[in-house]
Amino acid sequence: MRQAFINPRLVGRRFEEHTVPLEILKDFSALEEMVVEVAKWKFRQAHPDSKRVQRNFSQGLELHLAQVDDGSAIPAIVLMTAGLVPTANTQYFELAREAIITAIEQAECGDAPTLPKHLLSYFDRFGRSLRAGESIEFQTGEQRAVTYTPGVRKRLVEFAEIETLTEELALRGRVSTINQNNRSFVLALPDGRQIAAPLTDQHWAAVLEAVQAYRQGGYVLVQGVVEKDRQGHLRGFESVEHISPLDPLDVTLRLSALSELKAGWLDGKGHAPDPERAQWLAQAFEENFDAGLPLPHLYPTAEGGIQAEWTFGDWEVSLEIDLSTQLGAYQALNLVTQIQHDEVIALSERSDWQRLNTALQQMDGAQA
Amino acid sequence: MTPTTLLLRQVHPSFVQAGRVTSQAFRPTPKDQGHLSVDNGDLVQAQASWQRHTASAGQSAGVLAVAWAECDQLGLPVLEDGHPYPEHCSLDFSAHNHNAREQKAKLLRNKAQARGWQWQSQQ
């Protein structure tokens, strides 16, 4: 039989189509492991005289994803039991669910969670796929919801006092070394850090290509799970999912380099771009810029902004971006006919990104 | 100065990406009071112009050039101000608003890049 267990609401742009990315299912797999372990802990609390939990404690009990409901995206997770009636241990699964949600609520409020530290360590994997701005909401009453964000996860993992924290991350760098003996490679980051990563058969060709491109400044994007110490220092990759060569005009890489500029960079005059705002722009490009269009060349402006430029045949296009107002002054000029279009693009608005994409697509299409 | 006189412009390294120069290299910054610094190519060679600029703590990836006539066609007077050194000149953008300055900068950059680097740093 099956019974409703938990209906968390996934909030964020990735979930707006009422679908759940497969990547997130890994997190719910970790949640199931946590539920089982917390349920055992609850059992021991209820049976202080029992030295150990019965061997088949969770046998016949599983969490399943039954369906995805509307409302951003709400995965309906049910508790499946092998028989026709709930087993005696079902109650501990329900207590575990409440204990986990309480721990999240405590961390959300800045309080110390009441779950033991060894159980809090499961939060290292549950919620790891959440990106900035995303959250999971757990309904706790008619009007109340507990919100699990990457920040709340970080606090819970800090309470767990584990040596190594893990995080899903995408890093840009150059492959400087391959070590065939221990099947690893080294990713050299633009800031000089050297990060070791395991080398698996499926990535062998991509890593070999990347190491050959090292001298020509060929960058790659490595996506996977990284390990960090409690101070947040990167230790290395625990696992690698994807390796892809980067476009020489990669926006994030270029903006990261421009963020290193200091005040006075333009022979004593230029304001430096604010690194956090430049990171916002990189994210905005990542999310909104049409992947089928050529990437822009990017330059700093004397005022601390960024100017993006494209060339499409006779058309020269610039977008002068004020990072503080998130407004872009768009100008397209035909060098032959001198036809000129000027407008302001609000880069905080998706509809304005669409306007920009459409304008560039027209020039790109006319050029082809 | 004649219509074919080249006006030499230093290009900051941050204004070059993958060999492409931004139009900003040919647009005065807000602190320039509408004047863009160039050197009179009849009086100084591109290499010497670059050496003087970099010797005085300026950064330059190289020297591009536009002709006097090209500036004149865009309504940009060339001021032979001779300050802070004798061959110094200024392109006067002060009569134009921001959009018009960017438009003229695009046209000048296009002419200059088509003409090619007059001198390029080896770094």
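The values are calculated or read from the model by the stated rules, or taken from the named source; none is laboratory data. Owing to the predicted nature of the structure, the values given are computational and were not obtained by experimental measurement. Cβ placement follows ideal geometry from the backbone for every residue including glycine, while neighbour counts extend to all protein chains displayed.
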Considering every residue within the range A:214-226, establish whether at least one is within 20 Å of the chain's Cα centre (by Cα) and among the small types (Gly, Ala, Ser).
yes
Collect the residues in the range A:320-343 that are part of a strand (DSSP E or B) and within 11 Å of chain B (Cβ to nearest Cβ), keeping them in residue-number order.
A:Glu320, A:Ala329, A:Tyr330, A:Gln331, A:Ala332, A:Leu333, A:Asn334, A:Gln340, A:His341, A:Asp342, A:Glu343
Please go through the range A:344-368 and give me each residue that is in contact with a Gly (Cβ under 6 Å, 6 or more places away or on another chain) and either within 12 Å of chain B (Cβ to nearest Cβ) or of a type in the set (Asp, Glu) (or both), ordered by number.
none
Residue list for the range A:260-293, restricted to those being more than 20 Å from the chain's Cα centre (by Cα) and under 16 Å from A:Ala308 (Cβ atoms):
A:Pro273, A:Leu293
Restricting to the range A:286-319, name every residue that is within 7 Å of chain B (Cβ to nearest Cβ) and of a type outside the set (Phe, Trp, Tyr).
A:His297, A:Leu298, A:Pro300, A:Thr301, A:Ala302, A:Glu303, A:Gln307, A:Glu309, A:Glu316, A:Ser318
How many residues are modelled with pLDDT of 95 or more and among the polar types (S, T, N, Q) if we restrict to the range A:180-199?
2
Look through A:Glu16, A:Glu37 and report the one residue that is assigned by TED's automatic domain parsing to the domain that holds A:Arg128, among the charged types (D, E, K, R) and over 17 Å from A:Gly71 (Cβ atoms).
A:Glu37
Residue by residue through the range A:258-270, note down the ones that are surrounded by fewer than 17 Cβ atoms within 10 Å (Cβ to Cβ) and either among the small types (Gly, Ala, Ser) or more than 10 Å from chain B (Cβ to nearest Cβ) (or both).
A:Glu260, A:Lys262, A:Ala263, A:Gly264, A:Gly268
A:Gly218 is checked against (1) assigned to a loop (DSSP other than H, G, I, E, B); (2) at pLDDT 95 or above; (3) surrounded by 15 or more Cβ atoms within 10 Å (Cβ to Cβ) and fails just one. What number does that condition carry?
(2)
Identify, by number, the condition in (1) part of a strand (DSSP E or B); (2) within 23 Å of the chain's Cα centre (by Cα); (3) buried (at least 21 other Cβ atoms within 10 Å of the Cβ) that A:Ser244 doesn't meet.
(3)
